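**Student:** Just passing along the structure, written as structure tokens.
The values are calculated or read from the model by the stated rules, or taken from the named source; none is laboratory data. Computed from a prediction, not measured in an experiment: that's the story for all the values here. Note that each Cβ is placed from the backbone with ideal geometry, even for glycine, and that neighbours are counted across all protein chains shown. Side chains are part of the model used for accessible areas, which takes the heavy atoms of the whole protein and leaves out ligands, DNA and RNA. Shrake-Rupley method; radii C 1.70, N 1.55, O 1.52, S 1.80 Å.
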Amino acid sequence: MRSKTGLLMTAAIFAAAGAWSASGQGAASTFTQAQVDAGRAAYAASCAACHLNDLSGSNDALPLTGRAFLGAWGNRNAKQLYDKIHGSMPANAPGSLDEKTYTDLTAFILYANGAKPGSVALTPASTTRIGAVANADPSRDDARSIRRFRLLRPEACDSAPLRPKRGPPG
């Protein structure tokens, strides 16, 4: 009788763990470290001039990391983020980058929000829920480290148009 109870308890634990994983909690990341590295370089070349080196945003360029980002994107999926970036960025030439670059940028943004790379590459069709893999909790080491990194500004960034700061009306 005791072994049946133990067997049932073990089965219940595995069933609960499977349900928890299927609900999106603890879901595996769907991008690779190579995509993060390529995305970081693409971000420096095409995005940092407006969204800033630390992804915090400026003026009309919204933040791409942190609570505000996850509040807006946490319940959406990676495909929706990819589609948004592809359809509207860079602001002066939407859709001008290749599919790989947009995919790498999406992976980098997920990484910047605490998602961890894995062995499966991100694709433009990935339906992984962003909030299931990303957590920009400032107490997490990976979230703190992304704020500490500084991108090198290549010369191409210096020629990107910057939006003027808005002054007080009047």
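**Student:** What pairs come up if the first residue lies in segment 41-68 and is farther than 17 Å from residue 88 by Cα and free of Cβ contacts under 8 Å to residues at least 60 places away in the same chain, the second is of a type in the set (S, T, N, Q) and assigned to a loop (DSSP other than H, G, I, E, B), and their beta carbons are under 8 Å apart, counting only those six or more places apart or on different chains?
**Tutor:** Final answer for the pair search is 56/65.
**Student:** Continuing with the same structure: Which of the residues belonging to segment 47-97 are assigned to a loop (DSSP other than H, G, I, E, B) and among the aliphatic types (A, V, I, L, M)? Write out each step before concluding.
**Tutor:** Going through segment 47-97, the residues assigned to a loop (DSSP other than H, G, I, E, B) turn out to be 47, 52-57, 59-60, 62-66, 74-76, 89-97.
Listed by number, the residues that qualify are 52, 55, 62, 64, 89, 91, 93, 97.
**Student:** As an exercise: evaluate residue 125 against (1) out of contact with any Asp or Glu (no Cβ under 7 Å at 6 or more places or on another chain); (2) over 18 Å from residue 33 (Cα atoms); (3) open to solvent by 20 Å² or more (accessible area, probe 1.4 Å); (4) at pLDDT below 95 and give the number of the one condition it does not meet.
**Tutor:** Failing condition for residue 125: (4).
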